[in-house]
Structures are given as structure tokens and as C-alpha cells.
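Enquirer: The structure is given below, and queries will be raised subsequently.
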Amino acid sequence: QRGFSDSRIELGDVTPHNIKQLKRLNQVIFPVSYNDKFYKDVLEVGELAKLGTKMLNHVLNICEKDGTFDNIYLHVQISNESAIHFYQKFGFEIIETKKNYYKRIEPADAHVLQKSLRSPCAQPTGELQKAE
């Protein structure tokens, strides 16, 4: 018999019909309130806006397949160690800390995390290369 572990999670698109639900979820979950422009942008990015751990894998896969993205950046409150560890497991690294990034929460500082999507270019191996 199949157990619950076999159940599939499907990522639904964010649409004009459910954007208010996303807004409400964010208000309950996050201490930061996002403005209307944020939600307008969410609708415009289409496939890049999904929910959950699977969302991050989904976004990383799209960016890697697309091939035109160099890096992904995100901000995390400096005290949010669980989120920092979560993103580090996916290859993100802290590259900067911004003072007073958040307006209404303490601590107000945010780490900037980056994941590089391009491996460093291979060095020439001594073979002659044709001049363009």
C-alpha cells in the first residue's frame, strides 16, 4: 500500500485570482509588510513565483536551464538563523550585511545572500586559439 510519503505536492501559479491569498499568508507569516508593487512584480515573473522548499528548487532549475542568469540574491534578517542555514544548504553565501534594511522590525539589519549560477570559466589549456 502507498503511504502519505508518496503524495505529490503541486506548485500552483500565482494569479490575479489568488494573489490576495498570498498577500494574507505573507501578512500572517512574515514580520515585514510588502507593498503593492511587490505583488504586481510577483504576478509578472510567472514561473519564478512559487511556494515552499520546492519553490526554491523550481526557481533554481528554471534559472539554470535558462542560462542567462549569473547570480540569485536574497535578503535575510540577521537573527533568522534557520532561514540562513536553509539557504546555505542550497549553496547561497552571505556576501554583505545591510544596516537598517528593515523599517519596522528588530534587528533591522539584513544579510545579503548570493548563489552563483555560473562556474568560473576554465583557463586555456595551452592549445592555440584562433584569433577572431
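Read-outs: derived from the displayed coordinates by stated rules, not from any lab. This one's a predicted model, so the numbers in the text were calculated from it and none came from an experiment. Virtual Cβ from ideal backbone geometry, glycine too; neighbours counted across all protein chains shown.
Enquirer: Taking the Cβ of LYS20 as the center, what net charge do the other residues with Cβ under 15 Å away carry, scoring Lys and Arg +1 and Asp and Glu -1?
Expert: Details: positive: LYS23, ARG24, LYS40; negative: ASP13, ASP36.
Net charge in that neighbourhood comes out at +1.
Enquirer: Right, something else. Classify the range 55-113 as rounded, prolate or oblate from the Cα gyration tensor: take a ≥ b ≥ c as the square roots of its eigenvalues, call it rounded if a/c is under 1.5, otherwise prolate when a/b beats b/c and oblate if not.
Expert: Values: a/c = 2.59, a/b = 2.04, b/c = 1.27.
Here the range 55-113 falls in the prolate category.
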